[in-house]
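Each remark here refers to the structure printed beneath this line.
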Amino acid sequence: MSADAFRVVGPARLVGSVVVRGAKNSALKLMAASLLATGKNTLLNIPHIADVEIMAELLERLGCTVVHDTVAHSLTINVPEVPGHKADYDLVRKMRASINVLGPLLARVGEAEVALPGGDAIGSRGLDFHIEGLRALGADVHQEHGYVIAKAPHGLTGATIALDFPSVGATENLMTAAVLSKGTTIIENAAREPDIADIGEFLIAMGAKIEGLGSSTITIHGVDRLNPATHSTLPDRIVTGTWAFAAAMTQGDITIVGGRAEHLEIPLDKLVAAGAVVTTTSDGIRVKMDRRPSAIDVATLPYPGFPTDLQPMAICLNAIAQGHALVTENVFEGRFMFVNELKRLGATITVDGHHAAVNGLPQLSGAPVAATDIRAGAALVLAGLVSEGITIVEDGYHVDRGYPDFAEDLRSLGAAVTRV
């Protein structure tokens, strides 16, 4: 057994309140965007997770000074006049968000060498949209010896870029590259996730001129220089959604302090359809479930659709729900990798292509399983809470990459969860 695993004793009912910190998917990209201005950027509401530490080390190798105050949940990044331009494989392979230094470095120093990224094993996530977009801005981009190498010695020039798919990473890289370009850049079919708007607000605070945040068309008017700024990260909607599903799965009652219902309209509507009572509070969201949930059909889509990151939680809820459900994965083909682990707990699931047919059971049965990615790991821990007996979730480091103090928060809600 791994030396880093979660030991879960079920069944359990989760009751109480939990605080949601800043969004992982936003914090990491804000850190990368800080490279665009010389001086000290201050980021607030930063989660204490493994991926933040990896990104901090990457920035330090590029010449930045990074101070992470885990008590105050703040991060200061002091960026040199001329940052380094090479992001090495040993760090990039651990976290796909490392690719987000590509746009800022290209815009700021005219060149970037970033190793092809690693991260979660949830399917192919090519860089074609990133590369094609940067080429449209005038960069010379190619792959060599496992690196993406981009050069724009004379700077970038604004262009109209139509993405074939609303890729979050590509939208972010193109935004951060375009803010220091000459002229105007228009990104069509841009990603609409709240994280994109959060990064855009940070860039605007630094002096960027951006229009259309939150829409599918983002317009960036290039400026000559950006200045360091202070910005507070928005709350993590995926962690919020995880706790909402945890309440519904365990027939519990959880108040999620900091959660924003407006960022989770479709997932919360699905939980209401499953039988949960969802209410907004003065400081977050309350999710209460008084009975066994009803099965819910789910199809993942880019925002504002049902998030692919909450798909494992939807499958786990359906595994113990009343009835049958069909879960369709339209974003990452590898998201169903964890299903075989869930079946070790007794779940009845049949996968056919990008569809998973789930037949709900009253209860699962504890067994050793292994996390395959961040969200699958968290979902398997929740599955352990609705299983009879002991569940060991190995490779718990995956969960640490996205959920600060996950075991501690679960214990505060009444679960018997420990790290082993």
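Bear in mind that the values in this text are calculations on the coordinates, not laboratory data. Here the structure is a predicted model, which means the values were calculated and not measured. Glycine gets a Cβ as well: all are built from the backbone with ideal geometry, and neighbour counts include every protein chain shown.
Couple of notes before you dig in:
- Qualifying residue in the range 388-396 (condition: surrounded by 22 or more Cβ atoms within 10 Å (Cβ to Cβ) and either closer than 24 Å to Glu193 by Cβ or more than 26 Å from the chain's Cα centre (by Cα) (or both)): no
- Test: residue in the range 217-229 that is surrounded by fewer than 17 Cβ atoms within 10 Å (Cβ to Cβ), among the polar types (S, T, N, Q) and closer than 30 Å to Phe306 by Cβ: yes
- Selection of the range 63-82 for residues being out of contact with any Ser or Thr (no Cβ under 9 Å at 6 or more places or on another chain) and either farther than 21 Å from Asn25 by Cβ or charged (D, E, K, R) (or both) yields Gly63, Val71, Ala72.
- Here Arg291 meets the list (1) part of a helix (DSSP H, G or I); (2) in contact with a Gly (Cβ under 8 Å, 6 or more places away or on another chain) almost entirely, failing just condition (1).
- The lone exception for Val272 - which of (1) outside any helix (DSSP H, G or I); (2) surrounded by fewer than 18 Cβ atoms within 10 Å (Cβ to Cβ); (3) β-branched (Val, Ile, Thr) it fails: (1)
- One residue stands out among those in the range 368-420 that are of a type in the set (D, E, K, R) and part of a strand (DSSP E or B): the one that is nearest to Cys316 (Cα to Cα), which is Glu388.
- Within the range 15-30, tally of residues that are in contact with a strand residue (DSSP E or B) (Cβ under 6 Å, 6 or more places away or on another chain) and in a loop (DSSP other than H, G, I, E, B): 1
- Of all residues in the range 287-298 being surrounded by fewer than 19 Cβ atoms within 10 Å (Cβ to Cβ) and in contact with a helix residue (DSSP H, G or I) (Cβ under 9 Å, 6 or more places away or on another chain), the one that is nearest to Val15 (Cα to Cα): Lys288
- Test for Ile220: is it under 24 Å from Ala27 (Cα atoms), touching a residue at least 24 places away in the same chain (Cβ under 8 Å) and part of a strand (DSSP E or B): yes
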